[in-house]
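*Asks:* The structure is given below, and queries will be raised subsequently.
Coordinate-derived values only; no laboratory data. These numbers were taken from a predicted model, which means no experiment stands behind them. Don't worry about glycine lacking a Cβ; one is built from the backbone with ideal geometry, like all the others, and counts go over all protein chains shown.
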């Protein structure tokens, strides 16, 4: 795919790019920064100097995923509580669907539980669909002439973008995925002095996002972001003093219980039980319980990589042992 991106940047196609949250704290390692240094300003500047016509941010797509996944969870919870009008919602527990490694694993190993996976696209694919529909319309660009690139910490994203169902615009929503390491390679090939670049921001049309989207890159982040949406909608209260520290951490398997008052049920409190898993090897018992109908959970986040996307296979490789 890297050669395809080089070709697109060299011809007359309109090339847009998005970058995942984990890229901005991984890219700096390729240029000598300490591990975990945020370099998003220099990253945006470098992408413009590489010739991308629009530099956007996957945070925008992550916010869309948060809303979709959060509202879908609400529908499933209401169905379980017997609320009229939600009979067609999916079953509990709801599993996240933003990690392509996990989705592929579930499709091959647990085909009987796919209705438990959220129907929401990943942030990358959310963004790709919007970029070639709403985005192309606002820019006055024929979607057939738009080439959409995603910079991801994950090698599985290369497969995800080629799935035949992701053609919301009538064209492939994301044309190519390059990894954090491959972006560093492009920057080096262009002779760009990364450390001397000024800090710039993303283009505004599809470039803004929230702090909820930014935490997607670490295990538990998707869970926390979606729970915050679900809590506000279910309770009818602005989320101010509720802390979700219980879903944070680095253990491979974690669980938490979040008491949520349900406004539509006269304030009745429901204990929403969640689990967070990083590493597909740790998900077997949770998947089996979902298929058996014995799972105690409402919502389960699964990330294929240990501690989440921040440790994806496309991130810079540390040689320090």
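*Asks:* Could you state the angle between the C-alpha long axis of helix 180-189 and the longest principal axis of the C-alpha atoms of the chain, as a value from 0 to 90 degrees rounded to the nearest 10?
*Replies:* Roughly 10 degrees between the two axes.
*Asks:* When you count, for each residue, the other Cβ atoms within 10 Å and take the mean per peptide, how do 164-176, 12-24 rank with the highest first?
*Replies:* 12-24, 164-176
*Asks:* Same structure again: At 7 Å along the Cα-to-beta-carbon direction for both residue 165 and residue 10, put a label point, then send me their distance in nm to one decimal.
*Replies:* Going from the residue 165 label point to the residue 10 one covers 3.6 nm.
*Asks:* Give the angle, between 0 and 90 degrees and rounded to the nearest 10, that separates the Cα long axis of helix 221-235 from the longest principal axis of the Cα atoms of the chain.
*Replies:* Between helix and principal axis, roughly 50 degrees.
*Asks:* On a 0 to 90 degree scale, rounded to 10, what angle separates helix 58-81 from the longest Cα axis of the chain?
*Replies:* Between helix and principal axis, roughly 10 degrees.
*Asks:* In square nanometres, what is the average projected area of the Cα convex hull of region 278-321?
*Replies:* 4.1
*Asks:* How large is log10 I(q)/I(0) at q = 0.11 Å⁻¹ when the Debye formula is applied to the Cα atoms of the chain, each weighted equally and without solvent?
*Replies:* Log-scaled intensity ratios, in q order: -0.69.
*Asks:* Note the full-extension length gain between residue 137 and residue 2 as 0.36 nm times their separation in residues minus their Cα-Cα distance, in nm to one decimal.
*Replies:* 45.9 nm
*Asks:* Report the label-to-label distance for residue 108 and residue 271 in nanometres (one decimal), using points 7 Å from each Cα along the Cα→Cβ vector.
*Replies:* The modelled label-to-label distance comes out at 3.8 nm.
*Asks:* As an exercise, find the ratio Rg/Rh for region 100-200 from alpha-carbon atoms, using the Kirkwood inverse-distance average for Rh.
*Replies:* For region 100-200, the value is 1.06.
*Asks:* Can you tell me how much longer the chain between residue 238 and residue 263 gets when fully stretched, taken as 0.36 nm per residue apart minus their C-alpha distance, in nm with one decimal?
*Replies:* 7.8 nm
*Asks:* With only alpha-carbon atoms counted, please give the Rg and Dmax of region 1-99, in Å.
*Replies:* Rg, Dmax (Cα atoms, Å): 19.8, 57.
*Asks:* Using a Förster distance of 35 angstrom, determine the FRET efficiency expected from the C-beta separation of residue 145 and residue 84, and round it to 0.05.
*Replies:* 0.15
*Asks:* Counting C-alpha atoms alone, how compact is region 54-129: give Rg to one decimal and Dmax as a whole number, in angstrom.
*Replies:* 13.9, 47
*Asks:* Moving on. Calculate the length of the line joining the C-alpha centroid of region 99-122 to that of region 267-321, in whole Å.
*Replies:* Value for the Cα centre distance between the two parts: 12 Å.
*Asks:* Right, next: Mind checking the log10 I(q)/I(0) for region 149-196 at q = 0.13, 0.14, 0.15, 0.18 Å⁻¹? Debye, one equal scatterer per Cα, no solvent, two decimals.
*Replies:* One equal scatterer on each Cα of region 149-196 leads to -0.39, -0.44, -0.48, -0.61.
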